[in-house]
Amino acid sequence: MTNITLGNYPKYVQGYLDLVKEDDLTTAYKNQLPVIKELLDNITEEKANYAYAPGKWTIKELLQHIIDAERIFGFRALCFARKDTTELPGFEEDDYASNSNANLRTWQSLKEEFFAVRTATEMLFKSFTPEALTSSGVANRNTSSVISIGFLTVGHLQHHINILKERYL
């Protein structure tokens, strides 16, 4: 991304942002959709229970993590866009994963939930005015702008797409 001002965001987010090639958030979501759909549709129920090493998440847990993170990112963006000045907490991804019961669910149900959450995320960001997109707030003791959270959502998914391809498939 070279032609967009993302405002404030934590330094650790840069790696995710670097994975996003688009300068327009709507385009980024649109371009990512067929990629993730094809990838998820080619994973069988049996394969979805696979973890590449002991103590690592299964593919089901990984997808549940993506869903949980996207919901949290969306909530943060909503709060900041609405000028809520409440400092928001962080979240411990391993605790979420170990308490998600993702491995008890069907792969199909997880895919459906992901696409529902992604649709809601896209609609949320489309609803924000240019002013709302530049709003900022604090989560996990770090300041982030709404627009940076939108691009973080795309980059976070791309990060996990890369991990799926490299370590699981």
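Worth pointing out:
- Total residues in segment 32-67, condition among the acidic types (Asp, Glu) and surrounded by 19 or more Cβ atoms within 10 Å (Cβ to Cβ): 1
Residue-by-condition table, conditions (1) surrounded by fewer than 18 Cβ atoms within 10 Å (Cβ to Cβ); (2) touching a residue at least 12 places away in the same chain (Cβ under 8 Å); (3) more than 11 Å from the chain's Cα centre (by Cα):
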position	(1), (2), (3)
ALA102	no, yes, yes
ARG105	yes, yes, yes
PHE115	yes, yes, yes
THR121	no, yes, no
ASN142	yes, yes, yes
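- Of the numbered criteria (1) touching a residue at least 60 places away in the same chain (Cβ under 8 Å); (2) in a loop (DSSP other than H, G, I, E, B); (3) under 21 Å from ASN140 (Cα atoms), the one PHE80 fails is (2).
- Within segment 9-26, if we keep just the residues that are buried (at least 16 other Cβ atoms within 10 Å of the Cβ) and out of contact with any Ser or Thr (no Cβ under 6 Å at 6 or more places or on another chain), the residue that is nearest to PRO130 (Cα to Cα) turns out to be LEU25.
Condition check ((1) part of a loop (DSSP other than H, G, I, E, B); (2) under 19 Å from ASP95 (Cα atoms); (3) of a type in the set (A, V, I, L, M, F, W, C)) across all residues:
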residue: GLY7; (1), (2), (3): yes, no, no
residue: GLN14; (1), (2), (3): no, no, no
residue: ILE36; (1), (2), (3): no, no, yes
residue: GLU61; (1), (2), (3): no, yes, no
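Throughout, read-outs are computed from the coordinates displayed, never taken from laboratory work. Remember, predicted model here, so these are calculated numbers, not experimental data. Cβ coordinates were reconstructed from backbone atoms using ideal geometry, including for glycine residues, and neighbour counts include every protein chain displayed.
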